[in-house]
Amino acid sequence: MTAAVSLRGIGKSYSGKDAASFAALHDVDLDIETNEFLVITGRSGCGKTTLLNVASGLATPTSGTVTVDGVDIWSISDAERSGLRNRTMGFVFQFPSLIPGLSLEQNVMLPLEFSGVEHEDGPQRARELLDLVGLGHRTEALPRELSAGQQQRVVVARALVNRPTLLLADEPSSDLDEETEDEIMQIFSRVHSEQRLTIAMVTHARNLIPFGTRHLEMGDGTVRADGADPGANGD
Ligand SMILES: Nc1ncnc2c1ncn2[C@@H]1O[C@H](COP(=O)(O)OP(=O)(O)O)[C@@H](O)[C@H]1O
Ligand SMILES: [Mg+2]
C-alpha cells in the first residue's frame, strides 16, 4: 500500500542573520502509513512543526523528497501542489483560528470555497460535521461565544469538510485543559476508526501517545525508530 506521505532523506535548514544556517531537520526518513494514527512526540524546539510543514508541502525541504499519494510534491507546480494539499489534507493547529465575523457553519464551510468547486451540500455538510464534534446546536453562533475547547472542535470540523484522507495536527490540544483535550482526542479516535482517516499528530504531550496506533519520538531534528529509547524528552 502506498504511504499517505513519504519523507526520504529530508533536511531543513533555516539561515540565520550570521551566515551560519541551522538544521531544524536532518536525515528524516518517515512514512505516514495510510489509515494509521501516528503520534510523534518530542520536546519543544526539536522540529515537530517543521516536520509537519515539510510533510504537507507548506515548507520546502533543503534536501530530500516528499511524496504525497505517490506524487513527488516538489516536481509539480505551486497550483498543483496546493490543489493536492486541499484535496487530501486537513489541518489542526495549536491555536484555534476561526474568522471572528463568520458563524460556525460559515467557518466550517470556508475550505470548500477555497477548493473552488461548487458545493451545494456545503451547509448540510457543515452541520453534519458540527454535529460530529458536538456543536450541531450552535451552527449560527459566532466563535467568540465559544470556549477555546469548543472553538478547537470547530477547527476539527473545518479540517474535515473537504473530506481529506489525511489529518495533520500540530499540538492540537496543548492550549486546552485536560478534559477538553480528551474531547478532542476522542473526536480524533472516532474519525480515525469510523472514517478510516489517516492522522499524523505532533505534540510534546506524552500523555497523548496511547490515542495513536503508532508512536515515534523526535529528537534533535530527526525521527527515531519505533520503540527507540525516548531519553529525557518531554516538556
Ligand atoms: N522560520 C524559522 N527561522 C529560523 N529558525 C526556525 C524557524 N522556525 C523554526 N526554527 C527553529 O527550528 C527549530 C525547530 O522548530 P520547530 O519545528 O518549531 O520545533 P517544535 O515544533 O518541535 O517546537 C527550533 O530551534 C526553532 O527555533
Ligand atoms: Mg511546534
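Rule-based calculations on the coordinates, nothing more; no lab input. These numbers were taken from a predicted model, which means no experiment stands behind them. Cβ atoms come from the backbone with ideal geometry, glycine included; neighbour counts cover every protein chain shown.
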For region 8-90, state which GluC sites (Glu not before Pro) are in a DSSP loop and have at most 13 other beta carbons lying within 10 Å of their beta carbon. none
Return the loop-located trypsin sites (Lys or Arg not before Pro) in region 143-225 (DSSP other than H, G, I, E, B) with at most 12 other Cβ atoms within 10 Å of their own Cβ; answer none if there are none. 196
Suppose each label sits 7 Å from its Cα in the direction of the beta carbon; what would the residue 79-residue 120 distance come out to in nanometres? 2.7
Scalar couplings 3J(HN,Hα) for region 153-162 by Karplus 6.51 cos²θ - 1.76 cosθ + 1.60 (θ = phi - 60°), nearest whole Hz, x for Gly and Pro, are 5, 5, 4, 5, 4, 4, 5, 9, 5, 7
Say a paramagnetic label sat at a point 7 Å from the Cα of residue 207, along Cα to Cβ; which residues of region 131-166 have their backbone N under 15 Å from it? none
Estimated FRET transfer efficiency (residue 142, residue 214; beta-carbon r; R0 30 Å; 0.05): 0.20
Once phi is turned into θ = phi - 60°, what whole-Hz ³J(HN,Hα) does the Karplus curve with 6.51, -1.76 and 1.60 give for every residue of region 35-40, x standing for Gly and Pro? 6, 8, 10, 8, 10, 10
Could you state the angle between the C-alpha long axis of helix 122-132 and the longest principal axis of the C-alpha atoms of the chain, as a value from 0 to 90 degrees rounded to the nearest 10? 80
Column: log10 I(q)/I(0), Debye, Cα scatterers of region 124-235, q = 0.14, 0.18, 0.21 Å⁻¹: -0.62, -0.94, -1.19
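Taking the chain, how much of its Cα-Cα pair set, in percent, is spaced more than 26 angstrom apart?
Taking all Cα-Cα pairs of the chain, the fraction more than 26 Å apart is 38 percent.
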